[in-house]
Amino acid sequence: MKNKITILNLLNILSKDNSNISWKIRCLYSNGLDTTINQIELSTNKSNNLMGKLVYQVETGNVSLLSFRSLKKRDSLTITDALTDIIYYFKKN
């Protein structure tokens, strides 16, 4: 999946719309060939409290872990869908 720019744009929209939220992306695993697992952490700016965590495979975009407030991981959830759901969550709350 070549959604690196889309993922960064969605994260920037999230932090722009909610100035108290920051994010970090880090690689959890890579075999150097065809499997890379990234983690996105969402936290508050002031107290640096962890608000949520997403783990996804870079090549497919499939989310293996979604831990964010009341949102639940759905079957075949992609990282772009998950980030869009989180942005919508903040817009309605």
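Computed from the coordinates by the stated procedures, all read-outs in this text should not be read as laboratory data. Remember, it's a predicted structure, so these values are computed and weren't measured experimentally. Here the Cβ positions follow ideal geometry from the backbone for every residue, glycine too, while neighbour counts run over all protein chains shown.
Here are ILE40, ILE5, ILE25, ILE13: which of them is of a type in the set (A, V, I, L, M, F, W, C) and crowded, with 18+ Cβ neighbours inside 10 Å?
Just one listed residue meets the conditions, ILE40.
Find the residue count for segment 50-93, including only residues that are closer than 14 Å to ILE21 by Cα, touching an Asp or Glu at 6+ places or on another chain (Cβ under 8 Å) and in contact (Cβ under 8 Å) with a residue 12 or more places away in the chain.
Residues in segment 50-93 being closer than 14 Å to ILE21 by Cα, touching an Asp or Glu at 6+ places or on another chain (Cβ under 8 Å) and in contact (Cβ under 8 Å) with a residue 12 or more places away in the chain: 5 in total.
With respect to LEU14, is the statement that it is part of a helix (DSSP H, G or I) and either over 11 Å from the mean Cα position of the chain (by Cα) or in contact (Cβ under 8 Å) with a residue 24 or more places away in the chain (or both) true?
yes
Quick check on this structure: which one of SER70, SER47, SER76, SER43 is farther than 13 Å from ILE7 by Cα, of a type in the set (S, T, N, Q) and under 13 Å from the mean Cα position of the chain (by Cα)? Show your work before the answer.
On the way: SER70 fails: under 13 Å from the mean Cα position of the chain (by Cα); SER47 fails: under 13 Å from the mean Cα position of the chain (by Cα); SER76 fails: under 13 Å from the mean Cα position of the chain (by Cα).
Going through SER70, SER47, SER76, SER43 in turn, just one is farther than 13 Å from ILE7 by Cα, of a type in the set (S, T, N, Q) and under 13 Å from the mean Cα position of the chain (by Cα): SER43.
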